[in-house]
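Below is one structure, written out as structure tokens; comments come after it.
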Amino acid sequence: MTDPTKPAVRLTELRKSFGAFEVLKGISLEAMEGDVVSILGASGSGKSTMLRCINMLEMPDSGQIEVGVEAIRLTKAGGTDKRQLQRLRASIGMVFQNFNLWSHMTILENLIEAPIHVQKRPRADCVAEAEALLEKVGIAEKRNHYPAHLSGGQQQRAAIARALAQHPKVMLFDEPTSALDPELVGEVLRVMRALAEEGRTMLVVTHEMSFARDVSSKIVFLHKGAIEVEGSPQDMFAAGGSDCFRQFLSGGNGLN
Amino acid sequence: MDIPFLYETLLKLLTGVPLTLQLASSSVGLGAILAVMLALARLSGLRLLIWPASFYVFIFRSTPLLVQIFLIYHGLGQFHAVRASFLWPILREPYWCALIALTLNTAAYACEIVRGALLSVPPGQIEAARACGMSPFTLYRRIVFPLALRHALPGYGNEFILMIKSTALASIITLMEVTGLAAELISESFRAIEILIVAAATYLFINFTITRLVLWAEYTLSADLRPPPVTQRQGGSL
């Protein structure tokens, strides 16, 4: 199904400023189908902003975003083609640092919400598929529980299942384990690792170095709003990389 | 105590209950629609909408409901243009005047309840809905309003109870709801204490019922705040 010669996401010269502060200084990035791209960088380096630009939760000031073969059309006034954007967003799964499950719905309802009300798929199919997904991420018995009843790790696995329920072409992970207690990080990473092995296209903003090294096909290191260095994990963790990246690895960011 | 007289009074006052309930529920219902529109206007970020909505809330919250009722019932009829307009058949009826005044008044208070409730919806959950590709309409219908409703309920229950009591003011413009009937009975019998106590008890009972209904609604909408289903716990999955 996945074709590693086809681009899944391509960012070209992405720029974004918050007031006078330029967060993204012209970022270009390409992820092929089946790629797992780990995006590393110190806090404030612009990695989350970059990820959030891909589905336009953050509106870039300039540059181009392509998802699959389709470029997101930007109007002169800084707007987007709303219908196209909604369609593309439905094909991009997003997993947030704080899970962001809908608190008034059970776990199962969270999973079938967008497939039914955005993608207009038949309810029975959505339910059957959602149950299979919950089984896959290991929380099938929680289907009728509300998010508040679950641990952080379970909530994040439910959130991953919710994203998968929309049949996404690309999965975006925005620091998916940063809000978790240390003992819960493993269960979420195991699910993400399984997705990577299935050949899913994933862009992951993370501080988990072992995940970046062992699972990703490409590592991108952001520094002060620009891509400082990128390459395969082997190259990056061996002699390669830059001074800045080595400093980051050696604990310069206070997270390792 | 003259039990037969109290009973007789109660039977007479009960005939006013349908009008009291009708005035209160219609004004709260219509007022809620207006309140949501006002709240969305106040949160729109557009000065052109924020300013009129804020001004409306300021005016209707800061003047007495009784004055508003008088202004609509007695005041509007002073203008020839109003009397000549197609609205006159409505605006000369005390029932409609009371309903309009109650609706406009409750909308102003409810606007602030709704605005607070909308602001309490966690931004992350809205973002998750946008990331799924939801249109703004679906986003409001499926995520924002259901979450806001849960926050608005306690405050809104309060408002409903206040409105039940506010309908008593409609008796001033000749409407024969519970208080209007009580006033009439007093002028016939001069037994003010007994009649007013029965009238008060009638309101008390109505509001007791409403309090229960609001509690029930809060309960059914807050399954996520209660412990998870017991059957699951017995399964040993926790």
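Neighbours of A:Lys136 by Cβ distance under 12 Å: Lys/Arg scored +1, Asp/Glu scored -1, total -2.
For B:Trp88, the solvent-accessible surface computed with a 1.4 Å probe is close to 50 Å², ligands and nucleic acids excluded.
Taking region B:153-185 and a reference point 7 angstrom along Cα→Cβ of B:Leu196, the backbone N atoms nearer than 12 Å belong to B:183. Peptide A:48-55 has a mean shielding of 1, counted as Cβ atoms of other protein chains within 10 Å of each residue's Cβ. Label point of A:Glu70 set 7 angstrom out along Cα-Cβ; within region A:113-142, amide nitrogens under 13 Å from it belong to A:119.
Distance between the modelled labels on B:Leu119 and B:Arg61, one decimal in nanometres: 1.0 nm (7 Å Cα→Cβ projection). The packing ranking, built from the mean of other Cβ atoms within 10 Å per residue, places the peptides A:53-60, A:126-133 in the order A:53-60, A:126-133, highest first.
Close amide H pairs (under 5 Å, H built 1.01 Å from N) link A:Val95 with A:Leu172, A:Phe173, A:Asp174, residues at least 5 positions away or on another chain. Net charge of the neighbourhood of B:Ala182, taken over other residues with C-beta under 14 Å away and scored Lys/Arg +1, Asp/Glu -1, is -2. Only the Cβ atoms of Lys and Arg (+1) and of Asp and Glu (-1) were treated as charged; on that basis the dipole of the protein assembly as shown about its Cα centre amounts to roughly 900 debye. Distance between the 7 Å Cα→Cβ label points at B:His74 and B:Leu48: 4.0 nm.
Overall, the ratio between the Cα radius of gyration of the protein assembly as shown and 2.2 N^0.38 Å, rounded to two decimals, is 1.30.
About the Cα centre, and with charges only on the beta carbon of Lys, Arg (+1) and Asp, Glu (-1), how big is the dipole of chain A? Nearest 20 debye, please. Don't jump to the answer; show the numbers that get you there.
Details: 29 positive and 31 negative charges, 153 e Å.
Here the size comes out at about 740 debye.
Residues whose amide H lies under 5 Å from that of A:Gly41, counting only those 5 or more places away or on a different chain, are A:Leu222; hydrogens are built 1.01 Å from N in the peptide plane.
The distance from the alpha carbon centre of region B:133-176 to that of region A:78-113 is 29 Å, rounded to a whole number. Each residue of region A:163-177 is assigned a 3J(HN,Hα), and the resulting list reads 5, 5, 4, 8, 6, x, 7, 9, 10, 10, 10, 9, 6, x, 10 Hz, derived from the Karplus form 6.51 cos²θ - 1.76 cosθ + 1.60 (θ = phi - 60°), x at Gly and Pro.
A straight chain from A:Lys120 to A:Lys224 at 0.36 nm per residue would run longer than the Cα-Cα distance by 33.3 nm.
Provide the FRET efficiency to the nearest 0.05 for the A:Asp243-A:Ala194 pair, computing r from the beta carbons and using R0 = 35 Å. Once rounded, the FRET efficiency stands at 0.50. Phi angles of region A:33-48 translate, via the Karplus equation with coefficients 6.51, -1.76, 1.60 and θ = phi - 60°, into HN-Hα couplings of 4, x, 5, 10, 9, 9, 10, 10, x, 5, 5, x, 7, x, 5, 5 Hz per residue; Gly and Pro are given as x.
Classify chain A as rounded, prolate or oblate from the Cα gyration tensor: take a ≥ b ≥ c as the square roots of its eigenvalues, call it rounded if a/c is under 1.5, otherwise prolate when a/b beats b/c and oblate if not. Oblate, because a/c is 1.5 or more while a/b does not exceed b/c. Remark: region B:183-193, residue by residue, has Karplus-estimated 3J(HN,Hα) of 4, 5, 4, 4, 5, 7, 10, 6, 9, 4, 4 Hz, where x stands for each Gly or Pro and the curve is 6.51 cos²θ - 1.76 cosθ + 1.60 at θ = phi - 60°.
Near B:Leu13, once Lys and Arg are set to +1 and Asp and Glu to -1 for all other residues with Cβ below 14 Å from its Cβ, the sum equals -3. Between region B:35-87 and region A:1-30, what's the alpha-carbon centroid distance in Å? Using only Cα atoms to place each centre, the spacing works out to 50 Å.
With both partners inside the protein assembly as shown, how many of the DSSP beta bridges are antiparallel, as a percent to the nearest 5? Before the final figure, lay out each step's value.
Values: 22 of 40 bridges.
Counting DSSP beta bridges with both partners in the protein assembly as shown, the antiparallel share is about 55 percent.
If you bin all the Cα-Cα distances of region B:3-222 at 10 Å, starting from zero, the percentages per bin are 8, 26, 30, 21, 11, 3, 1. Taking 0.36 nm per residue of separation and subtracting the current Cα-Cα distance, fully stretching the chain between B:Glu93 and B:Lys165 would add 23.8 nm.
The values are calculated or read from the model by the stated rules, or taken from the named source; none is laboratory data. The structure displayed is predicted, hence computed values, not measured ones. Heads up, the Cβs are rebuilt from the backbone with ideal geometry, glycines too, and the neighbour counts pull from every protein chain shown. We work out accessible area using only protein heavy atoms, side chains counted, and drop any ligands, DNA or RNA first. Shrake-Rupley method; radii C 1.70, N 1.55, O 1.52, S 1.80 Å.
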